[in-house]
Protein chains: 4
Amino acid sequence: MATNAARNTGILLIDCPDRKGLVAAIANFLYSYNANILHADQHQDAELKLFLMRVEWDLDGFALDEAQLRAAFAPIAEQFQMRWRLEYSTVKTKMAIFVSKYDHCLVDVLYRYRSGEFNCDIPLVISNHPDVRPLVEFYGIPFHVIPVTADTKVEAERQQIDLLEQHNVDLIVLARYMQVLSGDFVAHYPGKVINVHHSFLPAFIGAKPYHQAFARGVKLIGATSHYVTEVLDAGPIIEQDVLRVSHRDSLQDLIDKGRDLERTVLSHAVKWHTEHRVLVYDKKTAIFI
Amino acid sequence: MATNAARNTGILLIDCPDRKGLVAAIANFLYSYNANILHADQHQDAELKLFLMRVEWDLDGFALDEAQLRAAFAPIAEQFQMRWRLEYSTVKTKMAIFVSKYDHCLVDVLYRYRSGEFNCDIPLVISNHPDVRPLVEFYGIPFHVIPVTADTKVEAERQQIDLLEQHNVDLIVLARYMQVLSGDFVAHYPGKVINVHHSFLPAFIGAKPYHQAFARGVKLIGATSHYVTEVLDAGPIIEQDVLRVSHRDSLQDLIDKGRDLERTVLSHAVKWHTEHRVLVYDKKTAIFI
Amino acid sequence: MATNAARNTGILLIDCPDRKGLVAAIANFLYSYNANILHADQHQDAELKLFLMRVEWDLDGFALDEAQLRAAFAPIAEQFQMRWRLEYSTVKTKMAIFVSKYDHCLVDVLYRYRSGEFNCDIPLVISNHPDVRPLVEFYGIPFHVIPVTADTKVEAERQQIDLLEQHNVDLIVLARYMQVLSGDFVAHYPGKVINVHHSFLPAFIGAKPYHQAFARGVKLIGATSHYVTEVLDAGPIIEQDVLRVSHRDSLQDLIDKGRDLERTVLSHAVKWHTEHRVLVYDKKTAIFI
Amino acid sequence: MATNAARNTGILLIDCPDRKGLVAAIANFLYSYNANILHADQHQDAELKLFLMRVEWDLDGFALDEAQLRAAFAPIAEQFQMRWRLEYSTVKTKMAIFVSKYDHCLVDVLYRYRSGEFNCDIPLVISNHPDVRPLVEFYGIPFHVIPVTADTKVEAERQQIDLLEQHNVDLIVLARYMQVLSGDFVAHYPGKVINVHHSFLPAFIGAKPYHQAFARGVKLIGATSHYVTEVLDAGPIIEQDVLRVSHRDSLQDLIDKGRDLERTVLSHAVKWHTEHRVLVYDKKTAIFI
């Protein structure tokens, strides 16, 4: 699962009803146009009778350009009733970050971005507060403050969407952004908004999950990254992780320790999304790693 | 945290409002009667302003027998408004196991018991089905079948309590016992019934937690051991653990993998309880390990 | 990765130099004989320029019996210079267990075997001590005592091999068997002997690894299951796991806690081997799960 | 184990031969001067017959200043043959960071420092390369480049020590500093240099541990933070952690994933050291958390 960074590859993500001959059809198609397959990963979901696949091949020597490939693959896709996406590793995701005051997730995402861990560009960071400006500008990224109140929310989201559209953003990462996005906003970016929630979902949905966890006396705390849908904290889960705590840990300890979890699960989600490893189906995700 | 098995020790478990001089008072008390402290572990809960302590000392050379110790310690306990328990490592917990048909937790508890991992005797195993009889009898433990239906539940619980009282049972372990105990039964054994629930509580309370977890698409499954209270799956948590799963895991895989989690979290709870390492306060547990 | 237990499937394990057209050739071959692929998992090792694959398909409706399949596949295998194995899920591995006095791994393997977690038969257990006889016979398995001393080792191993050959054993599991097998014995069963070593290899090779770990002051202890080769503790690693320890843990605590690790890593290895998920290459293993 | 940040506390770290009356003597001493104990944690090492203790108390209302406390405690320390240290949470550790070109540990330490996770000041960062200057200066910390070659090493270390002494540095953190410190340097700062090694020590000592791990085919990679002694990678271990890998991970994947491990184990070590939670004894550490 080496990084896409230096690659020139094509990626197909496919799901369809499971049928005989699917693998052969896809493999033959790619082989007939001289693809050198680097990774192929498929899964048959026996309960749903679904076939899921991610295949990545070297474009060096491959016979088709994008338009040709789309045209040539369409009949196969139709024959097998596929939902499919075609991605190119050289086309970087345009990612915006939304943030408020907590900067632990932001600092991690920015550092990994600059280190080349993510296959993306970050044309802008948007915040409802000015606090993180120096950090964002240290990484040379334009920073926009758009305050949000109950009264100005509709207008603020309109400004946000304007900015996102200007920059052709196709992924929004909520790095502890403390505002709930409206249903309208979410509908604008289906499957394109990633949030980190500071609990092991579906435990402790909503506000102050560490407080809830502390009151319940759990022995592990968690964090979850997921796609945002119109229902709060209910979207498809991308990654989760947990950390052991004990009666010795105060509420503040839970909050402090949890920051490390939040960073990790969010960064994994961003990495996998920008490498086109995530396939959403049946309100869940398949992660091809 | 070596096992109590070969020890001859006294154990005090204390909780009270935090005040200056508590540690000095307890340490002086024990020292004045020639105690050799093997372990002392205390915790100051800053939120609740509580002091929690477990201290274990060698009885070899200690000046007081049980009655003398209780008499001598009572004034100190009163002065500091302590809730306190005195335990002796040589007095083994009398533990009953309740089980139905699933035997993975049972086989683990019985094996560890025979290996000396638990500081307990097991005078009987009670089941609502006859299936696990050979296993129980292999370990030389009397086995009682008490069928339970909606109609016979009151009578069945009366029989169970009769048996438990005959054997002076002071701990009941529900090793995947598939009946919900009545409030009356639970009230009979407060803080003395340990259950294992096959989810990371408070996620997936109630029936079929693996089905719920599978439907939600979680990336980790969990198990929880806890004391049973009148509210289902809401008692103080003793231990939790999780295991990574992916889209490749079917519902059956979750059930299969989860068995290992259930065994571990239940066995830890039994070990700690029988070594008098668990102190319940504020609907939570402090585990002194 | 559901269990093979109820399946009627064929499994191909393949490794060869990586070349274009490999996946297409294999997929076409299977499709042309009406295979319904249940799982296919391949890996391209970029460093070694190797292609590794495991494919499993439903035999229901498949056109070829074993002899026909071997004959039909041979030319493809030759064309691509494949090393390959064909397995059938209905042909259970014949597994022998070697054990001494410690029975924690044995009890776990036997329980999982009886629960159907392993796709194997266990025709016999061999020990150099009589201690575990009752446990083995509880599970209805013939038990053989073959004492081993420095003087009798050659003769003892001859007896062991005689018994193994009588029962057509094709997997030997060393469940904390405290004798080092001779090079001759190992050469008899290449890639067919699985051992569990009670450390995180390659740390703490050889005798008394918990003592070594305790002296070094490590913060995690480990266990490793691996194939046995002529070099002590140097064979291909199948599975490893670790557990956190602290200065509070005595040497005996390390030994006690380590038992749970040893059971887990050994059982995983047995499960994966008997489901034909392990492919050895370049002194390592690929585990197709 | 809440942070020291906002505290005004005294801390005693003690080790001595285990004897009756130790806890009572220490608790009485503190109580007699009106200490409010916030945390007390002791451990009896049965093998070595050692008593280890960390006790932390609120200085608010405490009767003694530092000189008085040292004078008053000395006779008790002598009576029980204690090695002891007295620390004050308001006296921050003066910490220098040594770094080369890899900046993943540096960026994590600097962020946590600025967030108040560490109870320290960082008067300077020293590197043998200029690369990380912008990052260090973003955090407002003086940055010194001291190139090191085989020929200039003695002189370079003299310059380093001059700088460290000018700033009264009492902790040196090697955040992937790629030069081996001389025995002379190490002797200057005994128990005051923390290194992170990118393996699970004692596996893969020395150069290129990820290469070694990859060649061996391990299923987990690790990282270790430890005090530096004159023997390479053999000093007392402070923290270790591991991460699961598989045959799918290339050597580069191991390096990439390992970075997260290195950051975590180093940051834990720095946090614990600067909160005076680490006690070195018998070539190991006790971590009082």
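The values are calculated or read from the model by the stated rules, or taken from the named source; none is laboratory data. Keep in mind that what you see is a predicted model, and the values were worked out from it rather than measured. Every residue, glycine as well, gets a Cβ built from its backbone with ideal geometry; the counts of neighbours run over all protein chains shown. Heavy atoms of the whole protein, side chains included, go into the accessibility calculation; ligands, DNA and RNA do not. Shrake-Rupley method; radii C 1.70, N 1.55, O 1.52, S 1.80 Å.
Using a label position 7 Å from Cα in the Cα→Cβ direction, what is the ascending list of nm distances from D:ALA207 to the same site in the other copies?
3.5, 5.9, 6.6
Which parts of the range A:202-235, residue by residue, lose 50 Å² or more of accessible area when the rest of the protein chains are there, as against the chain isolated (1.4 Å probe)?
A:PRO202, A:PHE214, A:ARG216, A:LYS219, A:LEU220
How big is the antiparallel share of DSSP beta bridges in the protein assembly as shown, given as a percent to the nearest 5?
70 percent
Give a residue-ordered list of calculated ³J(HN,Hα) values for the range A:194-201 (Karplus: 6.51 cos²θ - 1.76 cosθ + 1.60, θ = phi - 60°; whole Hz; x for Gly, Pro).
10, 10, 10, 10, 8, 8, 7, 4
Counting only heavy atoms of protein chains, what accessible area per residue, in Å², does the protein assembly as shown have with a probe of 1.4 Å? Mind dumping the intermediate values first?
Details: 43230 Å² over 1156 residues.
Result: 37 Å² of accessible area for each residue.
Mind checking Rg over Rh on the range D:163-211, alpha carbons, Kirkwood formula for Rh?
1.03
If the label for D:GLN159 sits 7 angstrom from Cα along the Cα-to-Cβ line, what are its distances to the same label in every other copy, in nm to one decimal, shortest first?
Ordered by distance, the counterparts are at 5.0, 7.3, 8.7 nm.
Hey, with R₀ at 45 Å, roughly what FRET efficiency would A:ALA150 and D:HIS167 work out to, going by the Cβ-Cβ distance, to 0.05?
0.35
Hey, what number do you get for chain C at 222 nm if only DSSP H runs of n ≥ 4 count, each worth -39500 (n - 2.57), divided across all residues, to the nearest 500?
-10000 deg cm²/dmol
Using a Gaussian network model on chain D with a 10 Å cutoff between Cα atoms, which of D:THR149, D:THR90, D:THR274 fluctuates the most?
In the Gaussian network model the winner is D:THR149.
Let me see the P(r) profile for the range B:92-179: every Cα-Cα distance counted, bins of 10 Å, each bin given as a percent of all pairs.
Here the calculated profile for the range B:92-179 is 18, 54, 25, 3.
Please list the non-local residues whose amide H lies under 5 Å from the amide H of C:VAL193, H modeled 1.01 Å from N, same-chain partners needing a gap of 5 or more.
Under 5 Å from the amide H of C:VAL193 lie the amide H atoms of C:ILE172, C:VAL228, each far enough along the sequence or on another chain.
Relative contact order, percent, of chain B when contacts are C-alpha pairs under 8 Å separated by at least 6 residues? Numbers along the way, then the final one.
Numbers: 514 pairs, mean separation 45.9, N = 289.
Once normalised by length, the contact order is 16 percent.
If you filter the range C:23-78 for trypsin sites (Lys or Arg not before Pro), then keep DSSP loop positions with at most 14 other Cβ within 10 Å, what is left?
Details: sites: C:LYS49, C:ARG54, C:ARG70; in loops: C:LYS49.
Of the trypsin sites (Lys or Arg not before Pro), the ones in loops of the range C:23-78 whose Cβ has at most 14 other Cβ atoms within 10 Å are C:LYS49.
When the Karplus curve 6.51 cos²θ - 1.76 cosθ + 1.60 is applied with θ = phi - 60°, which whole-Hz ³J(HN,Hα) does each residue of the range B:248-254 get, with x for Gly and Pro?
6, 7, 6, 3, 5, 4, 4
Inter-copy label distances at B:ASP65, 7 Å along the Cα→beta-carbon direction, one decimal in nm, shortest first?
In ascending order, 5.6, 8.3, 9.9 nm.
According to the Kirkwood expression over distinct Cα-Cα pairs, how big is the hydrodynamic radius of the range C:208-289, in Å?
13.8 Å
At q = 0.21, 0.26 Å⁻¹, work out log10 I(q)/I(0) for the range B:9-88 with the Debye formula, treating every Cα as an identical point scatterer and leaving solvent out; two decimals please.
Values returned for q = 0.21, 0.26 Å⁻¹ are -0.94, -1.43.
Pairs of alpha-carbon atoms within less than 8 angstrom and 6+ residues apart define the contacts here; what relative contact order does the range A:95-174 have, in percent?
38 percent
In the range A:71-116, what is the volume of the convex hull around the alpha carbon atoms, normalised per residue and reported in Å³?
127 Å³
Checking buried surface per residue: for the range B:116-138, which residues lose a minimum of 20 Å² accessible area in the protein assembly relative to the chain alone (1.4 Å probe)?
When all protein chains are present, B:GLU117, B:LEU135, B:PHE138 each give up 20 Å² or more of accessible surface.
How big is the gap, in Å, between the Cα center of the range A:51-100 and the Cα center of the range A:204-221?
Measuring centre to centre over Cα atoms gives 40 Å.
Taking each pair of different alpha-carbon atoms in the range D:83-139 once, compute 1/r for the pair, average those values, and report the inverse of that mean as the Kirkwood hydrodynamic radius in Å to one decimal. Write down the numbers at each step before the final one.
On the way: mean 1/r = 0.0797 Å⁻¹.
Radius from the Kirkwood sum: 12.5 Å.
Just the number, please: Stokes-Einstein D of the protein assembly as shown in µm²/s, Kirkwood Rh from C-alpha pairs, 37 °C, 0.692 mPa s.
101 µm²/s
Looking at the range A:93-287, send over the antiparallel percent of its DSSP beta bridges, to the nearest 5.
50 percent
Could you quote the convex hull projected area for the range D:93-287, Cα atoms only and averaged over all directions, in nm²?
Reported value for the Cα convex hull: 10.7 nm².
Can you give the FRET efficiency for C:SER182 and D:ARG158, using 1/(1 + (r/R0)^6), R0 = 60 Å, r = Cβ-Cβ distance, to the nearest 0.05?
Given R0 = 60 Å and the Cβ-Cβ separation, E is 0.55.
Please turn the phi angles of the range B:175-184 into ³J(HN,Hα) values with the Karplus equation 6.51 cos²θ - 1.76 cosθ + 1.60 (θ = phi - 60°), one per residue in order, whole Hz, x for glycine and proline.
8, 6, 7, 8, 10, 7, 6, 6, x, 4
Can you work out which chain C residue has the shortest Cβ-to-axis distance for the rotation that carries C onto A, and give it in Å?
Taking the axis that maps C onto A, the answer comes out as C:ALA27, 2.
What spacing in nm lies between the two simple spin-label points modelled at A:GLN252 and B:ALA234, each 7 Å away from Cα in the Cβ direction?
Between A:GLN252 and B:ALA234, the label points sit 3.1 nm apart.
Residues with amide H under 5 Å of C:TYR281's amide H, sequence separation 5 or more or different chain, H placed in the peptide plane at 1.01 Å from N; which?
C:ALA286
Using DSSP loop states and a limit of at most 14 other Cβ atoms within 10 Å to flag GluC sites (Glu not before Pro), what is the longest stretch of chain A containing no flagged site? Present the calculation step by step, with values, prior to reporting the outcome.
Values: sites that count: A:GLU47, A:GLU230.
In short, A:48-229.
Suppose we look only past 14 Å in the calculated P(r) of the range C:202-248. What percent of the Cα-Cα pairs does that tail hold?
Working: 571 of 1081 pairs.
Distances greater than 14 Å cover 53 percent of the Cα pairs.
So who's got an amide H within less than 5 Å of the one on D:HIS39, skipping anything under 5 residues away but keeping other chains? H placed 1.01 Å off N, in plane.
Long-range HN contacts for D:HIS39: D:GLU56.
Mind computing the radius of gyration and Dmax over the alpha-carbon atoms of the range C:118-228? Å is fine for both.
When restricted to Cα atoms, the range C:118-228 yields Rg and Dmax of 15.7, 47 Å.
Leaving out ligands, DNA and RNA, calculate the buried accessible area for the pair A and C with a 1.4 Å probe, summed over both sides, in Å² to the nearest 100.
1600 Å²
Would you mind checking the pairs C:LYS283/D:LYS219; A:LYS219/B:LYS101; D:LYS101/D:LYS192 and listing those with alpha carbons more than 25 angstrom apart?
Details: C:LYS283/D:LYS219 13 Å; A:LYS219/B:LYS101 28 Å; D:LYS101/D:LYS192 23 Å.
With Cα atoms farther than 25 Å apart: A:LYS219/B:LYS101.
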